[in-house]
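The values are calculated or read from the model by the stated rules, or taken from the named source; none is laboratory data. Keep in mind the model is a prediction, meaning the values are calculated, not measured. Ideal geometry is used to build each Cβ from the backbone, glycine not excepted, and the neighbour counts take in all protein chains shown. With ligands, DNA and RNA removed, areas are computed over all heavy atoms of the protein, side chains included. Shrake-Rupley method; radii C 1.70, N 1.55, O 1.52, S 1.80 Å.
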Amino acid sequence: MRVSPFGPAAIADGSSNLILSVVVPAHNAEAFLPICLDALGSSDLARDVWEVVVVDDASTDSTPEIADRRADVVLRTGNVARGPAYARNRGAEAASGEFIAFIDADVAVHEDALRLLAAHLRTTPTLVAVFGSYDEQPADRSLVSRYRNLLHHYAHRQTAGSVATFWAGCGAVRASAFRTVGGFDEVTYARPQIEDIELGYRLYREGAILLDPAIQARHYKRWSVGSIMKTDFRDRAVPWVRLLLSAKSVTSASSPSLGTKALAGTAAAGSALVAVLLGCTGFGVSAWIAAAAFVGVSVAVNIPFYAWLTRHGGLPMLAVAIPLHFGYQLVSAVAVPVGGFYSLLDRRNRANG
């Protein structure tokens, strides 16, 4: 059943005009784009106040045909994939709504998600952006995928409220603020990385950003151990360190995944690695004892997270989560010196530029 976007008062003040533009970047997304668009079509936000803009990023499968049948506006980036930052920017340029929602093509929003996104921005003028979280029922039921998606949900739930970042998997921005800050950095982030986090840092200078975990979507991506480690290191941790060390970063508000416990666990994992390396180079039993102690610290600081995961997947989930999460924290620790090195190169290039 369709409902009015914000109740009777909204109808009275003329809000039947287009309020929200939903931008969906899609590259070879034929497996999930129909699910994504079906979920949008089931939204309880009145259909006459929002539009769907699908940006086909050089797909070679049936993504363009699916988009043509289902979207209000379809854009194409050309014959070469340019990445989600570029695609979202093109979609935002074509958007007619007062607010722009960004929804990933492998995400199915809950029926109230669009309404909640628009309502937050409509009723709180100081907000420039709002975003939600994956739900607790990821579509892929493998333990690895469930761990990864539940980690995302848990991190967003723990850091709900005012944040200095943004998530483009299921989030919305005030169109005027998005255009003021120049949109996504499509030059630096030519492939899926932390383009939404970096955008959030710039948006935060324009106003408040809200993380509301009640705004939920189901994720359909299948994760493997290899894809997790590659994504976390190459596309998240290293560029995030570079961003935090740059003059453009904002650190005065909390960000998902950067809480005190997460940082402590990452530091402990990195210290365990150093201790192991010392043990391998002849520093004796004390180094191995220290390594074991740091591993213990890494596990201990994450006990609430592991207990929560166990409630969702039992002992099999716990058995998978502990080594995977330690690996996640270890990758994050290794990324610090690597990202620092690249940051130095960035500064040198700017100085010589």
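Overall shape of segment 208-343 was characterised from the C-alpha gyration tensor. The equivalent ellipsoid obtained from it has semi-axes of 26, 22, 14 Å, in decreasing order. When DSSP beta bridges are limited to those with both residues in the chain, what percentage is antiparallel, rounded to the nearest 5? Just about 35 percent of them are antiparallel. For the chain, a Gaussian network of Cα nodes joined below 10 Å ranks Asp235, Asp48, Asp196 by mean-square fluctuation, and the top entry is Asp48. Summed over the residues of the chain and divided among them, the accessible surface reaches 43 Å² per residue at a probe radius of 1.4 Å. For the residues Val334, Val238, Val130, a GNM of the chain with alpha-carbon springs under 10 Å puts the largest fluctuation on Val334. Expressed as a whole percent, the accessible area of the chain that falls on carbon and sulfur atoms is 60 (1.4 Å probe). Checking every one of the trypsin sites (Lys or Arg not before Pro) in segment 82-155 against DSSP loop status and a limit of 16 other Cβ atoms within 10 Å picks out Arg141. Size descriptors for the chain: radius of gyration and Dmax over Cα atoms are 21.3, 77 Å.
Between amide H atoms placed 1.01 Å from N, distances below 5 Å from Val22 occur with Glu51, Val52, Val53, Ala101, all of them 5 or more places distant or on a separate chain.
Legend: helices of the chain (whole DSSP H runs) are marked when their alpha-carbon atoms reach 24 angstrom or more along the helix axis and their mean Kyte-Doolittle hydropathy is at least 0.0; marked are 260-280, 303-352. So for segment 111-261: antiparallel DSSP bridges make up what percent, rounded to the nearest 5? Counting only bridges with both partners in segment 111-261, antiparallel ones make up about 45 percent. Helical runs assigned H by DSSP (4 residues or longer) give the chain a calculated mean residue ellipticity at 222 nm of -16000 deg cm²/dmol, each run adding -39500 (n - 2.57) before division by the residue total.
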